[in-house]
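Taking it in order: structure first as structure tokens, then the write-up.
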Amino acid sequence: MLTEVFSELFPLMSTANPQTLEWLLNVAIEHEYPSGRAVVMEDAWGNAVYFVVSGWVKVRRTVGEDSVALAIFGRGDFFGEMAILDESPRSTDVIALSPVKLLSISRERFIQILFKDPQLHHRMLQLMVRRLRQINVRLQMRSSPPAVKLAHTLVTLGESYGQESDLGREIFNIPFKDLAEVTEIGVEETTKIMEKLHEKGWIKIDSANNITYLVNFKQLMNLAGKV
């Protein structure tokens, strides 16, 4: 991967200097996983930072035989940064929702480069603060109607990872169970709301190609209270 492509694909790298980008690419390890495969196991947290080159993954919490999706990441995002900084054990793992390509950079190498490139260090702090704000918004929305919360989840995914197409902004056709858990509503509620949004023409689900089109993005934003 060229340094220019790396910088454009990952917002975290947008302010890094060329020497940093070249060094990171030289030490990065490429990974490919099929849908459903565990990408990072519970005992591997804290070993590396992972960058999503393509595909979709979910972070899930596991307690015994039960698991709950906590977050969904797509192309251009990264995960694992918190674990390498606080070195605390994790009860979560990461699962590929679709075929996925990742780059990983070991904890030691990544911390080393953060000290060498103040711009990258500052950019990482900015993105971590943004994630904290997103968590605060989710907490504030806990008492909102399920449709508002689900619309907010769809809009956030569309804004973060959506690709423009003739049918609207497209995202991965995330299983309703995972959508429900990330949104913190029931699966039955999620199914009914998604069906209603489909009837209204605000979304279109292409199950054959695993794509959900956010056809009327403006209306979804209005419903989510983001306009």
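The values are calculated or read from the model by the stated rules, or taken from the named source; none is laboratory data. Every value quoted in this text rests on a predicted model; they were computed, and no experiment measured them. Here Cβ is always computed from backbone atoms with ideal geometry, including for glycine, and neighbour counts include all displayed protein chains. For the accessible areas, the whole protein counts, side chains as well, though only heavy atoms, and no ligand, DNA or RNA atoms are used. Shrake-Rupley method; radii C 1.70, N 1.55, O 1.52, S 1.80 Å.
A few points about this structure:
- Annotation: of all residues in region 6-41 being modelled with pLDDT of 85 or more, aromatic (F, W, Y) and not in a loop (DSSP other than H, G, I, E, B), the one that is nearest to L120 (Cα to Cα) is W23.
- Residue within region 42-51 that is open to solvent by less than 40 Å² (accessible area, probe 1.4 Å), part of a strand (DSSP E or B), in contact with an Asp or Glu (Cβ under 7 Å, 6 or more places away or on another chain) and touching a residue at least 12 places away in the same chain (Cβ under 8 Å) present: yes
- Number of residues in region 196-227 that are of a type in the set (S, T, Y) and farther than 14 Å from R169 by Cβ equals 1.
- Of everything listed in (1) closer than 23 Å to F6 by Cα; (2) polar (S, T, N, Q); (3) touching a residue at least 24 places away in the same chain (Cβ under 8 Å); (4) open to solvent by 30 Å² or more (accessible area, probe 1.4 Å), the single unmet condition for S104 is (4).
- Residue match in region 22-39 (condition: over 18 Å from the mean Cα position of the chain (by Cα), in contact (Cβ under 8 Å) with a residue 60 or more places away in the chain and open to solvent by less than 20 Å² (accessible area, probe 1.4 Å)): yes
- Residue within region 86-100 that is surrounded by fewer than 11 Cβ atoms within 10 Å (Cβ to Cβ) and either in contact with a Gly (Cβ under 6 Å, 6 or more places away or on another chain) or touching a residue at least 60 places away in the same chain (Cβ under 8 Å) (or both) present: yes
- Helices (runs of 4 or more DSSP H) fully within region 111-214 counting 1 or more residues that are touching a strand residue (DSSP E or B) at 6+ places or on another chain (Cβ under 6 Å): 146-161, 176-183, 187-200
- Test: residue in region 114-126 that is among the acidic types (D, E) and open to solvent by 10 Å² or more (accessible area, probe 1.4 Å): no
- Number of positions in region 61-80 that are touching a Phe, Trp or Tyr at 6+ places or on another chain (Cβ under 8 Å) and charged (D, E, K, R): 2
- Among the conditions (1) surrounded by fewer than 17 Cβ atoms within 10 Å (Cβ to Cβ); (2) β-branched (V, I, T); (3) within 17 Å of Y33 (Cβ to Cβ), the only one that T62 does not satisfy is (3).
- Within region 68-85, one or more residues are without any contact (Cβ under 8 Å) to a residue 60 or more places away in the chain, in contact with a helix residue (DSSP H, G or I) (Cβ under 7 Å, 6 or more places away or on another chain) and not in a strand (DSSP E or B).
- Residue match in region 132-144 (condition: within 23 Å of F51 (Cα to Cα) and either touching a His at 6+ places or on another chain (Cβ under 9 Å) or not hydrophobic (A, V, I, L, M, F, W, C) (or both)): yes
To keep it simple, each residue is scored yes or no on (1) among the polar types (S, T, N, Q); (2) open to solvent by less than 60 Å² (accessible area, probe 1.4 Å); (3) closer than 27 Å to F78 by Cα; (4) within 19 Å of the chain's Cα centre (by Cα).
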residue: H152; (1), (2), (3), (4): no, yes, yes, yes
residue: G158; (1), (2), (3), (4): no, yes, yes, yes
residue: Q163; (1), (2), (3), (4): yes, no, yes, yes
residue: E170; (1), (2), (3), (4): no, yes, yes, yes
residue: E188; (1), (2), (3), (4): no, no, no, no
residue: S207; (1), (2), (3), (4): yes, no, yes, no
residue: I211; (1), (2), (3), (4): no, yes, yes, yes
residue: L223; (1), (2), (3), (4): no, yes, no, no
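- Look at (1) assigned to a loop (DSSP other than H, G, I, E, B); (2) surrounded by 14 or more Cβ atoms within 10 Å (Cβ to Cβ) and you find that Q219 fails only one, number (1).
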